[in-house]
Each structure stands twice: as C-alpha cells, then as structure tokens.
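Novice: Let me begin by handing over the structure; questions about it come next.
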Amino acid sequence: MLKPLILTVALLPATVLADDAPLTVVSWGGDFAAMQDTSLAQPFAAATGRKLRFVDTDDPPGLIKAQVEAGNVTADVASVGQGAAMRLCAEGDVEPIDPATLPPAPDGTPAAADFMPGTLGECFVPTDIYSTVIAYDASALDPAPQTAADFFDLERFPGRRGLGRTPQFTLELALIADGVPVGQVYEVLATEAGVERALARLDGIRDQIVWWDAGAQPIQLLADAEVAMAHAYNGRVYKAAELDGLPLAILWDAQLYEVEGWVIPKGAPLAEQARAFVAFSTSAEAQLRSAAILPYGPPRLSAQAMLADAGTGLAPHLPTAPANMANALFVAPEFWADHETELRERFTAWLGQD
C-alpha cells in the first residue's frame, strides 16, 4: 500500500533550490538508512557544509523512474541494487559516473581497479555487499550443518525449511547443493537441463518448505521454531543473533552475495554536488565506517584489506570476510536481466504443481 503514496510524492513538482539546499538522498529507511546517515552523510556534511536529507521508500528504483519520466526530479542520489541500477542506466534514467572521478585506494590504486570485479557499473558506484545465507537454529541442530547440501538433507537435519518465494537465490542454492561448482552455476542454470536439475533438487524437500515473501519472515519462522533452517538476509540474522539474543547461526557455505550502491537520477537538481557525495562516500575510509555499524562488506579491495586493522568486531560477520567467501556466489545481475522472465514462469508453474 506504500507505493501509490510514494509515487504520488515522487511526481510533485520540484521547487527552486537555494545555494545551500540539502542533497536529497533516496534510500530504504530503517537501520540501513541510519547507517548511511551516520557513516556517510554526516561526515560529508562536516567536510563540505552541505547537509543531506533522506527520503525513505521501499522502492528507490521505482521512485527514481517515476520522477524522471514525469520530468520532476527532486532526488539527487539514490541507493539501489546493482541489477536495478543496470536497468535504470540502460533506460537512460540515471547519469553515467566516470570511475576516474572516484578516489583512489590509499596506496594510489585507481578506483576502477580497487572495487571487486564486476561490481562497478557505468552508472553505479558500490557502497556495500550483502548476502542471502543459510540460517539455522543452533539450539536445535547438533551437529551443525556444514554445507549447502545439508539444507536439503532432511534425514540428518530434520525440520522444515524456509525459502524465499522467488526463483532468484532459490535455484542457485539448489544447484550448489546438488554439486554444481559456484563458478558454473549460471552456465548450468542457463540450460533446460540445469533448470530441471534445480527443480528436482527442490522436489526432494518440497513438502517441508515454508515459503516466505518478506525479509523479516525467515527470522520469525526460526524464532517460532516453525523451521529448522531458512534462507535469509545476513544482516537480519546477525541482528537476531547478536543483538536480540536468538540462538541463530549462519552457514556461510554457498552464500549468495549482491551489491548495493549509488546512482544519480537524470536531471538531479544538485547533480554536481551529488557526484561529490558519491565520490566521498565510496572511499575505502567511508566503507570502513559503514562496516563498523552494520554487517555488510565493503566492495573496495583496499577496505577489505584494512578491516583487520580497523578494530571493528563486525569483521568476521561480513560477507566479504575471507573465510565467508570461500564458496560464495556473486548473484549475476546480467544473467537475471536476461533470464528472469522465463525462470519466474517456470518457477511459478512448479510452485503450482500438486
């Protein structure tokens, strides 16, 4: 019910801006936007005198697209996922960003070589890495699961399983559990035989799956002992276990990691200042500040190398921690841009089978 209101606000006419008008940042709200404010916006304001105003929404890409199409752009910068950024860029809704304008690594390595491979886009600068992981009730499973295959082993690890009602993440997990190396997952999933293989693996636990549709649900399912394991977002699992005291643990094998970052809408009122903010807030130092607040990894290789000396207790809990990346899969936005429609149709048809 929020989106009609969001889009209505997005279509309101832009006002004339004063020289000291704040940058308008569109983000996701909650703990995530609070982290961005503390680690990125406030230091930028202190360094430049330019304040920032956050607009929270559950659909930053949709809000940006609506503003651009209406010709009334009020947002200066927005936080979006990499796949959404690629679509917005291809459709001309966001501005190109030259990597040469971004700060180098502390040792002078150019920014283009300092970001993890595949994460920097034509119109997109990464800010953090988050992942979908296998979470489990550590008080109920002894011994603990060790691999993605254990998620599908109902004999050794009894109990129902929580999975997102989506082909993305679910099909990749099934293939990895079935023995496909992470480096070959998308090559296999692009074939009819690969799709059938993933669905066949899911068939093996079909009667024990509890489907979820929102990020808070798998944590609640685990807390209520409705499932023994669930596919869930790493930040939510961390909060439930480390801050709320639930007996939950993460199995990092086969984590599926994604990238969040900044885009600048076409026609942003303060585009020049927005570019300055994007550069400031994606430095290695800025990413370290963010990683000290929430368990999302820094996309810059230099920031990852600096984590050991940064003194943050979150380092072992980050998707980018070396031990956690041992069998990780980068969720490829190009693959899903090409195959999402057909795979969603197949997955929906499979869900509807008796």
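The values are calculated or read from the model by the stated rules, or taken from the named source; none is laboratory data. Predicted, not measured: the structure shown is a model, and the values here were computed from it. Because the Cβ atoms are built from the backbone with ideal geometry, glycine has one as well, and the counts that use them run over all protein chains shown.
Novice: Scan (1) at pLDDT 95 or above; (2) within 30 Å of Glu192 (Cβ to Cβ); (3) more than 18 Å from the chain's Cα centre (by Cα) for the single condition Ser302 breaks and write down its number.
Specialist: Answer for Ser302: the failing condition is (2).
Novice: Please state which of the following conditions Leu270 fails to meet, knowing it meets all the rest: (1) touching a residue at least 12 places away in the same chain (Cβ under 8 Å); (2) out of contact with any strand residue (DSSP E or B) (no Cβ under 7 Å at 6 or more places or on another chain).
Specialist: (2)
Novice: Among (1) in the same structural domain as Ala41 (by TED's automatic domain parsing); (2) touching a Pro at 6+ places or on another chain (Cβ under 7 Å); (3) surrounded by 21 or more Cβ atoms within 10 Å (Cβ to Cβ), there is one condition Ala279 misses while meeting the rest; what is its number?
Specialist: Every listed condition holds for Ala279 apart from (3).
Novice: Kindly provide the set of residues from region 194-216 that are crowded, with 19+ Cβ neighbours inside 10 Å and in contact (Cβ under 8 Å) with a residue 24 or more places away in the chain, ordered by number.
Specialist: Across region 194-216, the qualifying residues are Val195, Ala198, Leu199, Arg201, Leu202, Trp212.
Novice: A further question follows. Give region 110-163 a look and list any residue that's modelled with pLDDT of 95 or more and among the charged types (D, E, K, R), or say none.
Specialist: Result: Asp114, Glu122, Asp128, Asp137, Asp150, Asp153, Glu155, Arg156, Arg160, Arg161.
Novice: Would you check if there is a residue in region 202-225 being among the polar types (S, T, N, Q), in a helix (DSSP H, G or I) and within 27 Å of Asp338 (Cα to Cα)?
Specialist: For region 202-225, residues among the polar types (S, T, N, Q), in a helix (DSSP H, G or I) and within 27 Å of Asp338 (Cα to Cα): absent.
Novice: Modelled with pLDDT of 95 or more and either more than 21 Å from Ile293 (Cα to Cα) or outside the structural domain of Val94 (by TED's automatic domain parsing) (or both): is that true of Ala228 in this structure?
Specialist: yes
Novice: Still on this structure, please answer the following. In region 109-154, how many residues are closer than 24 Å to Ala315 by Cα, in a loop (DSSP other than H, G, I, E, B) and not assigned by TED's automatic domain parsing to the domain that holds Leu171?
Specialist: 6
Novice: Kindly indicate whether any position in region 4-23 is modelled with pLDDT of 95 or more, in the same structural domain as Arg275 (by TED's automatic domain parsing) and not in a helix (DSSP H, G or I).
Specialist: Yes, region 4-23 contains a residue that is modelled with pLDDT of 95 or more, in the same structural domain as Arg275 (by TED's automatic domain parsing) and not in a helix (DSSP H, G or I).
Novice: Have a look at Phe115, Phe124 and point out the one that is over 27 Å from Gln217 (Cα atoms) and touching a Pro at 6+ places or on another chain (Cβ under 9 Å).
Specialist: Every option except Phe115 fails the conditions.
Novice: Filter region 64-95 down to the residues that are surrounded by fewer than 24 Cβ atoms within 10 Å (Cβ to Cβ) and more than 18 Å from Pro333 (Cα to Cα) and list them by number.
Specialist: Passing the criteria: Lys65, Ala66, Val68, Glu69, Ala70, Gly71, Asn72, Val73, Thr74, Glu95.
Novice: Going through Arg165, Arg161 one at a time, which residue ends up being closer than 20 Å to Trp350 by Cβ, surrounded by 19 or more Cβ atoms within 10 Å (Cβ to Cβ) and in contact (Cβ under 8 Å) with a residue 60 or more places away in the chain?
Specialist: Answer to the selection: Arg161.
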